[in-house]
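The values are calculated or read from the model by the stated rules, or taken from the named source; none is laboratory data. Not measured: the values here are computed from a predicted model. In this analysis, Cβ positions are derived from the backbone assuming ideal geometry, glycine residues included, and neighbour counts consider all displayed protein chains. Side chains included, ligands, DNA and RNA excluded: accessible areas come from the protein's heavy atoms. Shrake-Rupley method; radii C 1.70, N 1.55, O 1.52, S 1.80 Å.
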Amino acid sequence: MHPPIDRLRQRLDANARLAWHSHAAPYAALVLDGNYEESGDGGRRRVGPGHLVVHPPFSAHTDIIGRRGATVVNLPLTVTQALTLQSGLLSNPEAVLDRYTADPFSLSQVLGSSVTPVDQPDDMPDRLAAALALPGRVVIAEWGADQGISARSVTRHFSAAIGLPPAQYRWRARTHGALRAVVTTAQPLIEIAHDWGFSDQAHMTRSIRRLTGRSPSAWRAIVSD
């Protein structure tokens with residue numbers, strides 16, 4: 001049973017700052033008016049009317065609300081939907097809400113064909129967040145040297161902008177990336193572990209269990225039901 005739109009609508013107070021928080025359940029925030037900046041898993045996003053922000057299961061973030069506040073509708077998604085849909089801009093958000101009201105189960109089809117990716121902040125913390133989200137290893141001192149910034153300054157500015165130090169962000173990004181592969185592909189678990197930089201399959205399993213409370217095998221059983 002999907003809740004009606006009125007129960008999914010949320011008003012965010014002007015100039016408020018929401019502390020770092022996590023969501024076990026996946027959802028997509030559709031911004032109807034106002035604006036805010038969100039920082040967390042996935043880096044930073046500045047969003048306004050018509051933006052759709054997809055939140056995978058067990059994602060976390062902090063929000064700084066603009067001076068006019070904001071109204072959002074938090075649309076529930078399945079785990080697979082949240083791990084395959086992308087954030088971006090909707091040309092007709094009201095049509096999406098109407099479609100959800102008429103047939104909530106068709107939501108992913110509508111969103112998959114109507115979201116346009118948008119450019120987001122691109123300063124040092126955002127470039128590092130993008131690098132940390134890739135499977136390869138990132139050495140902060142080396143990365144900072146390439147940018148002409150000390151490792152200490154990199155860590156300080158990144159933590160202030162994103163809300164987490166680089167090492168913790170990297171752990172979360174790597175674990176989310178592995179979880180996405182576990183849920184959306186049939187790739188052997190040992191290969192996923194290797195691709196995402198874990199020392200072995202057991203290491204990946206411990207990380208996914210720590211983040212979600214379930215093992216990779218349990219997640220595959222859930223999505224295959």
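For the range 23-47, filtering for residues that are among the small types (Gly, Ala, Ser), farther than 17 Å from Leu77 by Cα and either in contact with a Ser or Thr (Cβ under 6 Å, 6 or more places away or on another chain) or open to solvent by less than 40 Å² (accessible area, probe 1.4 Å) (or both) leaves 4. The condition of being under 19 Å from Gly177 (Cβ atoms) and not in a strand (DSSP E or B) holds for only one of Leu107, Leu83, that being Leu83.
This table checks each residue for (1) part of a strand (DSSP E or B); (2) in contact (Cβ under 8 Å) with a residue 60 or more places away in the chain; (3) of a type in the set (Ser, Thr, Tyr).
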residue: Asp6; (1), (2), (3): no, no, no
residue: Gln10; (1), (2), (3): yes, yes, no
residue: Leu18; (1), (2), (3): yes, no, no
residue: Ala25; (1), (2), (3): no, no, no
residue: Ala28; (1), (2), (3): yes, yes, no
residue: Leu32; (1), (2), (3): yes, yes, no
residue: Asn35; (1), (2), (3): yes, no, no
residue: Ser39; (1), (2), (3): yes, yes, yes
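Residue pairs, Cβ under 9 Å, 6 or more apart or interchain, first in the range 205-225 and within 14 Å of Ser59 (Cα to Cα), second open to solvent by 50 Å² or more (accessible area, probe 1.4 Å). List them. Close Cβ pairs satisfying both conditions: Ile208/Arg214; Thr212/Ala24; Gly213/Ala24. For Pro165, the conditions (1) in contact with a Ser or Thr (Cβ under 9 Å, 6 or more places away or on another chain); (2) open to solvent by 50 Å² or more (accessible area, probe 1.4 Å); (3) in contact (Cβ under 8 Å) with a residue 24 or more places away in the chain are fulfilled apart from (3). Scanning the range 82-115 for residues that are open to solvent by 80 Å² or more (accessible area, probe 1.4 Å) and closer than 19 Å to Arg46 by Cβ yields Gln86, Ser91. Among the residues of the range 164-188, those identified as over 30 Å from Ala221 (Cα atoms) and part of a helix (DSSP H, G or I) are Pro166, Ala167. When the range 9-45 is limited to residues that are more than 24 Å from Gln81 (Cβ to Cβ) and under 14 Å from the mean Cα position of the chain (by Cα), the one that is modelled with the highest pLDDT turns out to be Glu37.
From the list Ala129, Ala141, Ala161, exactly one residue is over 19 Å from the mean Cα position of the chain (by Cα) and assigned to a helix (DSSP H, G or I). Which is it? Don't jump to the end; show me each part of the working.
Numbers: Ala129 fails: over 19 Å from the mean Cα position of the chain (by Cα); Ala161 fails: over 19 Å from the mean Cα position of the chain (by Cα).
Every option except Ala141 fails the conditions.
Restricting Gly144, Gly148 to those that are at positive phi, of a type outside the set (Ser, Thr, Tyr) and at pLDDT 90 or above reduces the list to Gly148. From the set of residues in the range 116-137 that are closer than 15 Å to Ala160 by Cα and touching a residue at least 60 places away in the same chain (Cβ under 8 Å), which is surrounded by the most Cβ atoms within 10 Å (Cβ to Cβ)? Only one residue tops the list, namely Ala129. Being open to solvent by 40 Å² or more (accessible area, probe 1.4 Å), free of Cβ contacts under 8 Å to residues at least 12 places away in the same chain and among the polar types (S, T, N, Q) is true of Thr185.
Considering only the range 66-79, state which residues are over 19 Å from Pro104 (Cβ atoms) and surrounded by fewer than 20 Cβ atoms within 10 Å (Cβ to Cβ). Let's see the steps before the verdict.
The initial filter retains those residues of the range 66-79 that are over 19 Å from Pro104 (Cβ atoms), namely 66-71.
Gly66, Arg67, Arg68, Gly69, Thr71, listed by residue number.
Scanning the range 138-153 for residues that are of a type in the set (Val, Ile, Thr) and surrounded by 11 or more Cβ atoms within 10 Å (Cβ to Cβ) yields Val138, Ile140, Ile149. One residue alone among Val54, Val72 is assigned to a strand (DSSP E or B), under 30 Å from Arg220 (Cβ atoms) and β-branched (Val, Ile, Thr), and that residue is Val54.
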